[in-house]
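Below is one structure, written out as structure tokens, with a few remarks after it.
Computed from the coordinates by the stated procedures, all read-outs in this text should not be read as laboratory data. Keep in mind the model is a prediction, meaning the values are calculated, not measured. Please note: Cβ atoms are built from the backbone with ideal geometry, for glycine as well, and neighbour counts cover all protein chains shown.
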Amino acid sequence: MTDDQDPNKTPADEQNGGEQTSESTQSNGDEKPKKPRIELGPPVFGKFRLFIVVIPFIVYLALNSLGSQINVYREKILKGEIHSHPDNDNRLDTISLEDAIAKQMEEDPDETFLLGMFKLVENPYPYTYSFALAVTLACMLPFCWGYFKLPFRLSIWGFLCGAIGIVVWVGLVWLDHKTFNLASYTPEREAYNPFTEFGDNKTGFYQFLAVRLFGFAVIVPIIEEFFIRGFLMRYVDDPDWDQVPLHVCRFGGLISPTVYGLLTHTAEPLAAIAWFSMVTFLYRKTNNIWDCVVAHAVTNGLLAWYVIQYEQWYLW
């Protein structure tokens, strides 16, 4: 009797055992090999990761969306679609926004809405945007050290990509409007013209312009690029996203910024696809989020100049 023979094992047991082994082997052979997970590394941003790369961007996005809804509410009140006085509840006719503002100026230019915070005759955008930016900064500052967990190094590629980006963005928006007109299938972006809105109030105009440029060319590039490259691309590749090395990307992670750009810039679909894909290529080339921040800042800064210079406020 050999060592591997069991004296208590019956022939039936041997037969069942053999069948089970055969079935197990066949079952394993039928299974498709699972796609291996990305080899995870140490956390990049650590336990405050959400406060560094996610929450500031979500807060900025949410508060700006709320500001847009506040202005929509104001316009509906002015045009008679929402009535602030009980005796007007049966009013069915609506008028244009310009006529509604002119009429309100004649009746009561100081009338306010929404807890008396805003005048009906004024667009609340400067106030809601400034508030959104202030709250976003309040979220960023306690954890701003977290951005420098990534070495702050810049290359010429970031500046070049940003400069090319403005040509790509403006050119494709123009091409779309002149040829494809894809933007006509999406809600039109509000075109806020500070020259018209502020009128003779030069102090208010320059204050708002400084706030808007600071948000557009400094804050947005930081929070959006860290959200996209630091969170979104990595989360698509693996739920344990903070342990995904920054230089590792699969197909899903690579296309996620382009999908994000298309969904958040529906008024400029061609430009969004090209620009976000280009910055992702930059990221793969340099493996450096800060280059993406610089590219974003350069494009946004040049776009702000273009908007003001040529009064293309729908791009604002």
**OP:** Rank the residues C249, C139, C144, C161 as a footprinting-exposure proxy: fewest other Cβ atoms within 10 Å of their Cβ go first.
**Re:** C144, C139, C249, C161
Subject >> Label-point gap, in nm, between S277 and E81 - each point 7 angstrom along Cα→Cβ >> reply: 3.6
Original post:
Considering amide H positions built from the backbone, and no H for Pro or chain starts, which residues 5 or more places from F118, or on another chain, come under 5 Å of its amide H?
Top reply: F113
Original post:
Given a Förster distance of 22 angstrom, what is the FRET efficiency for S65 paired with K202, based on the Cβ-Cβ distance and rounded to 0.05?
Top reply: 0.15
Original post:
Computed over the Cα atoms, what is the radius of gyration of the range 150-316 divided by 2.2 N^0.38 Å, N being its residue count?
Top reply: 1.10
**OP:** Could you please state, rounded to a whole Å, how far the C-alpha centre of the range 244-269 is from the C-alpha centre of the range 201-225?
**Re:** 25
**OP:** Determine the gain in length on full extension of the stretch R153-M117; use 0.36 nm per residue of separation and subtract their C-alpha separation, reporting nm with one decimal.
**Re:** 8.6 nm
**OP:** Could you list V168, V298, V293 in order of exposure, starting from the residue whose Cβ has the fewest other Cβ atoms within 10 Å?
**Re:** V168, V298, V293
Original post:
If you find the alpha carbon centre of the range 274-294 and of the range 167-184, how far apart are they in angstrom?
Top reply: 23
Subject >> 13 Å beta-carbon shell around V168, net charge (K/R +1, D/E -1) >> reply: -2
Subject >> Environment charge of G261, counting only residues whose C-beta is closer than 13 Å and scoring Lys/Arg +1, Asp/Glu -1 >> reply: -2
Subject >> Relative packing of peptides 96-102, 278-284 - highest average C-beta neighbours within 10 Å first >> reply: 278-284, 96-102
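I want the local charge near I219. Using Cβ-Cβ distances under 14 Å, sum +1 for each Lys or Arg and -1 for each Asp or Glu among the other residues. Provide the component values of the computation, followed by the final result.
Details: positive: R212; negative: E224, E225.
Every neighbour counted, the sum reads -1.
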Original post:
When the Karplus curve 6.51 cos²θ - 1.76 cosθ + 1.60 is applied with θ = phi - 60°, which whole-Hz ³J(HN,Hα) does each residue of the range 209-215 get, with x for Gly and Pro?
Top reply: 4, 5, 5, 5, 5, 4, x
Subject >> Cβ-derived FRET efficiency at R0 22 Å, V259 paired with K285, nearest 0.05 >> reply: 0.60
Subject >> Tail beyond 19 Å, pair distance distribution of the range 42-146 (Cα, percent) >> reply: 55
Original post:
Using a basic spin-label model with each label point 7 Å from the Cα along Cα→Cβ, how many nm lie between F251 and E107?
Top reply: 5.9
